[in-house]
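Could you have a look at this structure, given as structure tokens, before my questions?
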Amino acid sequence: QVRLVESGGGLVQPGGSLRLSCVGSGRDFSIDDMVWYRQAPGNQRERDLVARISSGSSINYAGFVKGRFTISRDKAKNTVYLQMNNLKPEDTAVYYCNSVPPINSWGPGTQVTVSS
């Protein structure tokens, strides 16, 4: 079964940091572009793109995270990371990852809550 599982979320104060992980299984994701998305509370209709990393490690970020978040990958571990620094309350969301093109079964996501 092809799966992506996110982890690393939690409750953090504004200005804090978290490192999210997305582990793939069932196939080799190293040849795919990988994307982190987030879904904010009350927004059940869509997920916003946060960051994207290509198979060649080219990177793009959404404007709202530039300079604060860093996406990276470890192909040997079939894993993508999202280092999040200087977190803000508006970063509160469930964070998901997926490949491009996406697999049908999304992972459980990982909850990030930024609050004092």
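The values are calculated or read from the model by the stated rules, or taken from the named source; none is laboratory data. Predicted, not measured: the structure shown is a model, and the values here were computed from it. Methodologically, a virtual Cβ is constructed for each residue, glycine included, from the backbone with ideal geometry; neighbour enumeration extends over all protein chains shown. Keep in mind that these areas ignore ligands, DNA and RNA; they rest on the heavy atoms of the full protein, side chains included. Shrake-Rupley method; radii C 1.70, N 1.55, O 1.52, S 1.80 Å.
For the chain, what is the relative contact order in percent, using Cα pairs closer than 8 Å and at least 6 residues apart in sequence?
38
What part of the accessible area of the stretch 30-116, given as a whole %, is carbon or sulfur when the probe is 1.4 angstrom?
Roughly 46 percent, rounded to a whole number.
Read phi for every residue in the stretch 23-40 and hand back ³J(HN,Hα) as whole Hz from Karplus 6.51 cos²θ - 1.76 cosθ + 1.60, θ = phi - 60°, with x for Gly and Pro.
Using θ = phi - 60°, the values come out as 9, x, 8, x, 6, 8, 8, 5, 8, 9, 5, 10, 10, 9, 10, 9, 10, 6 Hz.
Kindly give Rg over Rh for the stretch 1-48, based on alpha-carbon atoms, with the Kirkwood expression for the hydrodynamic radius.
1.03
Now for a different question. Could you go through the stretch 59-76 in sequence order and give the Karplus-derived ³J(HN,Hα) for each residue, using 6.51 cos²θ - 1.76 cosθ + 1.60 with θ = phi - 60°, rounded to whole Hz, and x for Gly and Pro?
My calculation for the stretch 59-76 gives 10, 9, 10, 5, x, 6, 10, 4, x, 10, 10, 9, 9, 8, 8, 10, 5, 4 Hz in order.
Do any trypsin sites (Lys or Arg not before Pro) in the stretch 46-116 lie in a DSSP loop with no more than 14 other beta carbon atoms within 10 Å, and if so, which?
Passing sites in the stretch 46-116 are Lys66.
For Met34, what accessible surface area do you get with a 1.4 Å probe? Give it in Å², rounded to 10.
Its accessible surface works out to 0 Å², give or take rounding.
Accessible area per residue for the stretch 15-116 in Å², computed with a 1.4 Å probe and the full protein assembly in place, what is it?
Using a 1.4 Å probe on heavy atoms only, each residue of the stretch 15-116 averages 50 Å².
Starting from the Cα of Ser55, step 7 Å toward the Cβ, then list every residue of the stretch 70-114 with an amide N under 19 Å from that point.
Taking a point 7 Å out along Cα→Cβ of Ser55, the residues of the stretch 70-114 whose backbone N falls under 19 Å are 72-81, 98-104.
Return the inverse of the average 1/r over all pairs of distinct C-alpha atoms in the chain, which is the Kirkwood hydrodynamic radius, in Å to one decimal.
Kirkwood radius, the chain: 14.1 Å.
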